[in-house]
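**Q** Sharing a structure with you now.
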Amino acid sequence: MGSTFPFRVIIVGAGLGGLSCSIACRRQGLYVLVLEKAPAITAIGAGIQIPPNAGKILQSYGLLPLFEKPAVRLEWHDMRRYQDGKLLASRPVGKEFIERIGAPWMVIHRQDYHAILLDEAKRLGAEIRLDANVTAIEFDRTEVILSSGEAIGGDVIIGADGLWSSTRDAILGYPSPPSETGDLAYRATFSRQQLLELNDPRVEDLCTKKKVTIWMGPDRHCVFYPVRGGAEFNLVLLRPDNLPAGVRSVQADLDEMRMTFEGWDEILLKLISCISSVLKWKLCHHQELEKWTRDRIALLGDACHPTLPYQAQGAAMAVEDGAVLGLLLGQFAHKSASNHVAAESNDRVAAVLQLYENLRKSRTTVNVLGAVTNRNYFHLHDGPEQE
Ligand code: FAD
C-alpha cells in the first residue's frame, strides 16, 4: 500500500499500542515510521488476555483468523476460593457470549500477539526502525531526536513508549513517573507435558478446559490460563509488594514465593511447585494525567494510562487508542486533501489530537480505577464482607 498523503505519523515505541496505531494509520494510507529503542524484537512478557473489546479491533483489522492457532478462545471464567479451590462463580464466555458481544475472549502469549501485529504493520508498509532511541522532542518543529543526534520530523508524533514514557514527561513539562500500586506479580509459563506429569485429575481438568481460573484470597490472587493453542500455560501470582522503592523487577526467591501461598488450594501449590525460575515485577499505575497532548504530539497506551492488570485491559486499551488515533488522523488527512487545506497546519492537527484525548481519557480512567476496585474484591479477607 503506498501513502495516499504526505501526512507523516512518527510513532515512538513498537509495543502492542504503537503497532496497533501503525496498522490503523496505514489502513488510512498515512505514512508511518515506528521508532523502537530495542536493538532487536525479543520475547517480553508472558500470557495476556485479549478481552472482546480488543478482539473487535483485531476483527476490524481483518486479523482474527491469524489468532486461531496461537490463541485460545475461552469458554469459561472461573473464580475459586483460595484455601480449598471451591468454585465461587463460573462465567460462560463461549459461543453464546461471542454471539451476544460480537467477538471472542482470547488468551495468548504476548510474543505471539506482538508478532502478528508487527507482521501486519510491515505488510501494510509501515517502516519499523530498531535501535532508534528517542531522547528528546522538539515541539516547535514536531521532531524527535535520537540518541545518535539524528532529528526526524513528522506531521504528528505519537508517544507509545510505555510505562516509563519520556514523551509523557516532555508533554507535561515535568517528570511524572508512575506510582507504585503496593502489589507485585510473579509470571511463569509451563509446558502441557510438565503439568500432565503431575498426574492429578484436577490439574488435567485445568489443562483441558478452555478457561481462565482465578483463585482469590486475603491480599493475594492467582490467575491461570492456556497460551500457544493450549501447548503452554500461564500462571500469574499477585501479592503485596516487598521490593524496595524504585526497584522494577528482580529474580524471585522461590522459597519466598512458595511461602507466600502456603495454605492455598493444593492444586495451585502443585502448579507453583513446577516453577524453577521466575521474575517478580513491581506493579505500577498512574493517576489521570493533566493532559495527553501538546501541539502535534500525543500519548497512547501505558504512556498515558498504565494500570494494575486486574481487569486484563492494559494492552486492550492501548490497542483501542491506536485504532481511534488512526481513524481520526486518516479522516482529517482525507478531508484536508479534498478541501485543498494544508493538513500540516499546527492548530488543526492539535485539535484532532485534543479530540482523541477527549474521546479516550474517561474510558481509560474508568479502567485504571476499576482495576483498583477489583483488587479490593479479589483480596478480601475471610469475614462477612467476603461472604
Ligand atoms: P509497551 O508494551 O511497554 O511498549 C512500549 C515500547 O516503547 C517498548 O517496545 C519500548 O522498548 C519502547 N520505547 C520505550 N522508550 C522508548 C524510546 N525512548 N525510544 C524508542 N522506543 C521506546 N493487558 C491486557 O490487555 N490483558 C492482560 O491480560 C494483561 N495482563 C498483564 C499482566 C501483567 C502481570 C502485567 C504487568 C501487564 C498486563 N497487561 C495486560 C498490560 C499490558 O502488558 C500493557 O498495558 C501493554 O503491553 C502496554 O502496551 P504499550 O504499547 O502501551 O507499551
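**Q** So, in the stretch 100-133, how many residues would count as being more than 19 Å from ALA71 (Cα to Cα) and open to solvent by 20 Å² or more (accessible area, probe 1.4 Å)?
**A** Qualifying residue count for the region: 10.
Per-residue answers, yes or no, for (1) hydroxyl-bearing (Ser, Thr, Tyr); (2) closer than 21 Å to ASN367 by Cα; (3) part of a loop (DSSP other than H, G, I, E, B):
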site	(1), (2), (3)
ASN53	no, yes, no
GLN59	no, no, no
HIS77	no, yes, no
ARG80	no, no, no
LEU88	no, no, no
ARG91	no, yes, no
GLU99	no, no, no
ALA103	no, yes, yes
VAL107	no, yes, no
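**Q** Out of VAL107, VAL134, I need the residue that is within 30 Å of LEU271 (Cα to Cα), β-branched (Val, Ile, Thr) and within 16 Å of the ligand (Cβ to nearest atom). Which one?
**A** Criteria check complete, one pass: VAL107.
**Q** Considering (1) within 12 Å of the ligand (Cβ to nearest atom); (2) within 26 Å of GLY149 (Cβ to Cβ); (3) crowded, with 16+ Cβ neighbours inside 10 Å; (4) over 16 Å from the mean Cα position of the chain (by Cα), say which one LEU74 fails and leave the rest.
**A** (2)
**Q** Answer yes or no as to whether ARG239 is within 23 Å of the chain's Cα centre (by Cα), under 21 Å from ILE48 (Cβ atoms) and surrounded by fewer than 16 Cβ atoms within 10 Å (Cβ to Cβ).
**A** no
**Q** Take the conditions open to solvent by less than 30 Å² (accessible area, probe 1.4 Å), not in a loop (DSSP other than H, G, I, E, B) and not basic (Lys, Arg) and apply them to ALA323. Does it pass?
**A** The answer is yes for ALA323.
**Q** ALA337 is checked against (1) surrounded by fewer than 21 Cβ atoms within 10 Å (Cβ to Cβ); (2) farther than 25 Å from CYS21 by Cβ and fails just one. What number does that condition carry?
**A** Result: ALA337 fails condition (2) only.
**Q** Another one. Can you work out which of the residues in the stretch 13-38 that are among the small types (Gly, Ala, Ser) and assigned to a loop (DSSP other than H, G, I, E, B) is farthest from the ligand (Cβ to nearest atom)?
**A** Ranking the qualifying residues of the stretch 13-38, first place goes to GLY29.
**Q** Which residues, counting only those in the stretch 155-176, are in a loop (DSSP other than H, G, I, E, B), within 14 Å of the ligand (Cβ to nearest atom) and touching a residue at least 40 places away in the same chain (Cβ under 8 Å)?
**A** Our first condition is that a residue be in a loop (DSSP other than H, G, I, E, B); within the stretch 155-176, this holds for 155, 160-165, 173-176.
In the following step, the residues that additionally are within 14 Å of the ligand (Cβ to nearest atom) were identified as 160-165.
ALA160, ASP161, GLY162, LEU163, SER165 - these are the residues of the stretch 155-176 that are in a loop (DSSP other than H, G, I, E, B), within 14 Å of the ligand (Cβ to nearest atom) and touching a residue at least 40 places away in the same chain (Cβ under 8 Å).
**Q** Another one. Just to be sure before I move on: is SER60 hydroxyl-bearing (Ser, Thr, Tyr), in contact (Cβ under 8 Å) with a residue 60 or more places away in the chain and surrounded by fewer than 17 Cβ atoms within 10 Å (Cβ to Cβ) in the structure I sent?
**A** When the stated conditions are applied, SER60 passes them.
**Q** For the stretch 210-222, state whether one or more residues are open to solvent by less than 20 Å² (accessible area, probe 1.4 Å) and over 30 Å from GLU385 (Cα atoms).
**A** The answer is no, given that none of the residues of the stretch 210-222 is open to solvent by less than 20 Å² (accessible area, probe 1.4 Å) and over 30 Å from GLU385 (Cα atoms).
**Q** Can you name the condition, by its number, that GLU232 falls short on among (1) out of contact with any His (no Cβ under 8 Å at 6 or more places or on another chain); (2) away from the ligand (no atom under 13 Å from the Cβ); (3) over 30 Å from LYS361 (Cα atoms)?
**A** With respect to (1) out of contact with any His (no Cβ under 8 Å at 6 or more places or on another chain); (2) away from the ligand (no atom under 13 Å from the Cβ); (3) over 30 Å from LYS361 (Cα atoms), GLU232 is out only on (1).
**Q** Additional query: Can you name every residue in the stretch 245-265 that is loosely packed, with under 13 Cβ neighbours inside 10 Å and under 19 Å from HIS379 (Cα atoms)?
**A** MET259, GLU262, GLY263, listed by residue number.
**Q** Output the number of the condition that ALA136 fails; it satisfies all remaining conditions of (1) part of a loop (DSSP other than H, G, I, E, B); (2) over 22 Å from the mean Cα position of the chain (by Cα).
**A** Failed condition: (1).
**Q** Evaluate the following for ARG192: is it at pLDDT below 95 and within 16 Å of the ligand (Cβ to nearest atom)?
**A** Spelling it out, it is not the case that ARG192 is at pLDDT below 95 and within 16 Å of the ligand (Cβ to nearest atom).
The values are calculated or read from the model by the stated rules, or taken from the named source; none is laboratory data. These numbers were taken from a predicted model, which means no experiment stands behind them. Cβ atoms come from the backbone with ideal geometry, glycine included; neighbour counts cover every protein chain shown. Just so you know, the surface numbers come from the protein's heavy atoms only, side chains and all, with ligands and any DNA or RNA stripped out. Shrake-Rupley method; radii C 1.70, N 1.55, O 1.52, S 1.80 Å.
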